[in-house]
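The values are calculated or read from the model by the stated rules, or taken from the named source; none is laboratory data. Because the structure is a prediction, the values reported are computed rather than measured. All Cβ positions, glycine included, derive from the backbone under ideal geometry; neighbour counts span all protein chains shown. The accessibility values were calculated without ligands, DNA or RNA, using every heavy atom of the protein model including side chains. Shrake-Rupley method; radii C 1.70, N 1.55, O 1.52, S 1.80 Å.
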Amino acid sequence: MFDAKEFENRMNKSIKAFEADLESIRAGRANPRVLDKLTVDNYGTQSPISQVANISVPEARMLQIAPWDPSMLKAIEKSITSSDLGINPSNDGKVIRLTFPELTEDRRKDLSKEVKKRCEDAKVAIRNIRRDAVDAAEKAQKASEITEDHLKKAKDDIQKLTDDKIKQLDKIADDKTKEIMTV
């Protein structure tokens, strides 16, 4: 028997991944999630900054990174400098401060385009899952596990599910775009 639950779960995971991906796009406010993809050399192991330091938001546009081991300051600073964040860290010997500049109108538009691009990538992932689901339903029908009518209903259900998930992606992208464009 064909079950679409597995494919729905995969689509939900794609949406969650898209949401997590969008959190790394800064929208004028300081968000510790922008550091999630950055790693530092922690005694021979690459570790996320959040595992070697305390990250706080003392002001709306500032992040403060306080490493648990003061010898990690230089490694954290180097990781931030070599990243694509475009922010220069200031190091006072105890903590690193990242001050996020106000976003210019051009930068906001660039970030909005980036959101649209990532949304399209997420939609492609959803459509690939739809294709896999339809293939699985057709295989089940060929193996005489489901009837022709069940196949047609399964395809309709899969398409309805795909349309819902794509609407969900569009809403998430629109919300993020509004957040970015708000001055």
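For the range 1-94, chymotrypsin sites (Phe, Trp or Tyr not before Pro) meeting the loop criterion (DSSP other than H, G, I, E, B) and having at most 10 other Cβ atoms within 10 Å: Tyr43, Trp68.
Centroid-to-centroid, using Cα positions, the range 58-80 and the range 104-180 are 38 Å apart.
Loop-located GluC sites (Glu not before Pro) in the range 1-105 (DSSP state not H, G, I, E or B) with no more than 15 neighbouring Cβ atoms inside 10 Å: Glu102. Separation of the alpha carbons by more than 19 angstrom is noted, of Lys16/Lys171; Lys123/Lys152; Lys117/Lys160; Lys116/Lys176; Lys5/Lys152; Lys37/Lys94, for Lys123/Lys152; Lys117/Lys160; Lys37/Lys94. If you take all other residues with their beta carbon under 15 Å from the beta carbon of His150, and give Lys and Arg +1 and Asp and Glu -1, the sum is -2. Over all orientations, the chain has a Cα convex hull whose mean projected area works out to 13.0 square nanometres.
Stretched out straight at 0.36 nm per residue, the stretch from Asp132 to Glu59 would grow longer than its current Cα-Cα span by 21.6 nm. Annotation for Lys113 and Asp157: the two label points, set 7 Å from Cα along the Cα-Cβ direction, are 4.3 nm apart. Asp84 sits with roughly 150 Å² accessible to a 1.4 Å probe, with DNA, RNA and ligands left out of the calculation. Listed by chain and number, the aspartates and glutamates whose C-alpha is less than 13 Å from the C-alpha of Lys13, apart from same-chain residues fewer than 8 away, are Asp21. Spin-label pair Asn88-Ser47: with each label point 7 Å from Cα along the Cα-Cβ axis, the two points sit 2.9 nm from one another.
Pairs of Cα atoms nearer than 8 Å and 6+ residues apart set the relative contact order; for the chain it is 25 percent. When a 1.4 Å probe is rolled over the protein heavy atoms, the share of accessible surface on the chain that falls to carbon and sulfur comes to 50 percent. Sparsely packed loop sites in the range 122-183 (the GluC sites (Glu not before Pro) outside DSSP H, G, I, E and B with at most 13 other Cβ atoms within 10 Å) comprise Glu145. Taking every protein chain into account, the accessible area of the range 1-158 amounts to 60 square angstrom per residue (probe 1.4 Å).
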